[in-house]
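Taking it in order: structure first as structure tokens, then the write-up.
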Amino acid sequence: MREMDHRMWVEHHDQLSLSIDRGLARLRAGLARLANWDGTTGQLIAMTAAFMITGFSLAFTSSTAA
């Protein structure tokens, strides 16, 4: 029984390590893509403002609905 527990632990540990590695690779790719972004500052400010307004409106709507 103990040997089976060890095998399962190793298998799950390997899967977790692989998932973490994939997540970090995606994060690095996203940051590299953002670094190579050729948009203007105005577009970035507008996009950030749109996300903030959407986030605030969703937070306000969900808090008043309860």
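Let's see how each residue does on (1) modelled with pLDDT under 85; (2) of a type in the set (S, T, N, Q); (3) over 20 Å from the mean Cα position of the chain (by Cα):
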residue	(1), (2), (3)
Glu3	yes, no, yes
Ser19	no, yes, no
Ala25	no, no, no
Leu31	no, no, no
Trp37	yes, no, no
Ala46	no, no, yes
Phe56	no, no, no
Phe60	yes, no, yes
- If we ask which residues in region 1-22 are exposed (fewer than 10 other Cβ atoms within 10 Å of the Cβ), aliphatic (A, V, I, L, M) and part of a helix (DSSP H, G or I), their number turns out to be 1
- Quick check: anything in region 35-42 surrounded by 10 or more Cβ atoms within 10 Å (Cβ to Cβ) and part of a helix (DSSP H, G or I)? no
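The values are calculated or read from the model by the stated rules, or taken from the named source; none is laboratory data. None of the values given here were measured: they were computed from a predicted structure. Note: ideal-geometry Cβ built from the backbone for every residue, glycine included; neighbour counts use all protein chains shown.
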